[in-house]
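Chemist: What follows is a structure written as structure tokens; I'll ask about it next.
Here, each number is a calculation from the coordinates, and none is a lab measurement. This one's a predicted model, so the numbers in the text were calculated from it and none came from an experiment.
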Amino acid sequence: MHDLEPIRQFLGELLVRSGDLDSFSDEEPLFSSGRLQSIDGVELVVFLEEKFGVDFSKLGFDQAAIDSVTNVARLLERSSGESLG
């Protein structure tokens, strides 16, 4: 089982760097709402590849899959076949 706290922390850091100090929930869309930009998505993809071994060349890329902590958790489940909490 993956710990989702590193994902929450990384997304929080991306928001702070863009000047967004508001809190966010695991279900809140961060890209489609405009809180994060496409360059932040690139950074998140690299983070997920390095930290969790996600292979986007096999999974394909869909921005909706990284739009929230919950969606990233589902992506990690598909990538590894593990249950997340």
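Chemist: Give me the mean projected area, in nm² to one decimal, of the convex hull enclosing the Cα positions of the chain.
Modeler: 5.0 nm²
Chemist: What is the gain in length, in nm to one decimal, between Ala64 and Ser38 on full extension, counting 0.36 nm per residue of separation less the C-alpha to C-alpha distance?
Modeler: 8.2 nm
Chemist: Okay, next question. Scanning the chain for helices, which whole DSSP H stretches are 24 Å or more long along the axis (Cα) and average 0.5 or more by Kyte-Doolittle?
Modeler: For the chain, where a helix must reach 24 Å along its axis and average at least 0.5, there are no hits.
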